[in-house]
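Student: Pasting a structure below so you can have a look.
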Amino acid sequence: MEYLFKILRFDPRQDEHPYFQDYSYETEETKSVLEALMEIRNVQDCSLSFRYSCREAICGSCAMVLNGKFDLACRTELESLDSPLIVVEPLPNLEIQKDLVVDLDPFWEALVKIEPFLHSEGAIPEKGHRIEDEKIDKIFQYVNCILCGCCYSACPVVSKRENYLGPAALAKLYRFVKDPRDKRPFKNWSRVNTEGGAWGCHTIFKCNEVCPKEVRPADGIEALRRKLIVEKIKSLNPFKR
Ligand code: FES
């Protein structure tokens, strides 16, 4: 089967604008987009830049836009794209560092703000902090996030509002809010109770649509909003002890 790859190229050190470069690629085997990109780079053009690591849809590094669809290049088979023409673009709304490599710093900075780790209390038990199966089931959806950045990059609010935490960070926060081992007081999360946090989401659900792991980050944002309302009502209850 013969394919024509149209790959977005841009080196900010020497190019004025991004442009598409064509590469023809032939294979008789079932190959992923990532494998094809690696062969193109190894055989045709060693200047082509893209990220990858695990090649098993686990690390999230190879997220890109393939024929207009956000996906992981390592898990996308060429045949699944249903077209011999394959347009490859980097994640949008993030600065291009080179070709398909984008600057994910804003994504990581938002994530760090929610302190994405367990805030447990007391000494660590011998067998670690355990969680019951039925409780892990409730957060499993969010645990599945591989931090690929697809939701962040696709979110229309992220592209407009600089201080918005974005879907991945908010869904990750909800994962810890729901985790009974996490003891941080939710009322302290003033950053979330803002337009830059859970109230910034415009419920467009683009994040749910593009997530390659079906995390559905918008579900977590909605749940955070409900939690914020419940906490507010509780704080206003004059009969509360
Ligand atoms: Fe790790 Fe694709 S290379 S997710």
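Student: Please report how far the C-alpha centroid of region 8-80 lies from that of region 111-186, rounded to the nearest whole angstrom.
Tutor: The distance from the Cα centre of region 8-80 to that of region 111-186 comes to 30 Å.
Student: Sticking with this structure for a sec: Could you tell me the calculated FRET efficiency between ARG226 and GLU109, based on Cβ-Cβ distance and R0 = 22 angstrom, to the nearest 0.05? If you can, show how the numbers build up before the last one.
Tutor: Numbers: r = 27 Å, r/R0 = 1.21.
Approximately 0.25, to the nearest 0.05.
Student: I would also like to ask the following. Need the full-extension length gain, PHE117 to GLU2, defined as separation in residues times 0.36 nm minus the C-alpha distance. One decimal, nm. List each step's numbers first, then the result.
Tutor: On the way: separation 115, 0.36 × 115 = 41.40 nm, distance 4.63 nm.
Working it through step by step, the gained length comes to 36.8 nm.
Student: For the chain, what is the mean residue ellipticity at 222 nm derived from helices alone (per DSSP H run of n ≥ 4: -39500 (n - 2.57); sum divided by total residues; nearest 500 deg cm²/dmol)? Walk me through the intermediate numbers first.
Tutor: Numbers: 8 runs with 73 residues, N = 241.
After summing the helix terms and dividing by residue count, I get -8500 deg cm²/dmol.
Student: Report the Rg/Rh value for the chain, based on alpha-carbon coordinates and the Kirkwood definition of Rh.
Tutor: 1.06
Student: From the phi of every residue in region 198-203, what ³J(HN,Hα) in whole Hz does the Karplus formula 6.51 cos²θ - 1.76 cosθ + 1.60 yield, where θ is phi - 60° and glycine or proline is x?
Tutor: Rounded to whole hertz, the list is 4, 7, x, 5, 9, 6.
Student: Enumerate the aspartates and glutamates that LYS183 could reach by cross-link, defined here as Cα to Cα under 20 Å, with residues fewer than 8 away along the same chain left out.
Tutor: GLU115, GLU121, GLU126, GLU132, ASP133, GLU134, ASP137, GLU231
Student: If you don't mind, there's one more thing I want to ask. Quick query: amide H of THR76 versus all other amide H atoms, modeled in the peptide plane; which residues come in under 5 Å with a sequence gap of 5 or more or a different chain?
Tutor: It is VAL33, LEU34, by chain and number.
Student: Using the Kirkwood formula over every pair of different C-alpha atoms, what hydrodynamic radius in Å results for region 1-132? Show your work: numbers first, answer last.
Tutor: Values: mean 1/r = 0.0593 Å⁻¹.
It is 16.9 Å.
Student: Still on this structure, I have one more. Arrange the residues LYS232, LYS213, LYS127 by how much accessible surface each exposes, largest first, with a 1.4 angstrom probe. Please report the intermediate quantities before stating the final value.
Tutor: Working: LYS232 120, LYS213 70, LYS127 155 Å².
Heavy-atom accessible area, descending, gives LYS127, LYS232, LYS213.
Student: Using a probe radius of 1.4 Å on heavy atoms only, what accessible surface per residue do you get for the chain? Whole Å² is fine.
Tutor: Working: 13620 Å² over 241 residues.
Per-residue value: 57 Å².
Student: So between SER190 and SER235, what do we pick up on full extension, going 0.36 nm a residue minus the alpha carbon distance? Intermediate results must be reported in sequence, preceding the final value.
Tutor: On the way: separation 45, 0.36 × 45 = 16.20 nm, distance 1.41 nm.
Extra length from SER190 to SER235 when fully extended: 14.8 nm.
Student: Can I ask one more? Of CYS54, PRO180, MET1, which is farthest towards the positive pole of the chain's charge dipole, taken about the Cα centre with +1 and -1 on the beta-carbons of Lys, Arg and Asp, Glu respectively?
Tutor: PRO180
The values are calculated or read from the model by the stated rules, or taken from the named source; none is laboratory data. Values in this document were obtained by computation on a predicted structure and should not be read as measured data. Using ideal geometry, Cβ is built from the backbone for each residue, glycine included, and neighbour counts are taken over all protein chains shown. Side chains are part of the model used for accessible areas, which takes the heavy atoms of the whole protein and leaves out ligands, DNA and RNA. Shrake-Rupley method; radii C 1.70, N 1.55, O 1.52, S 1.80 Å.
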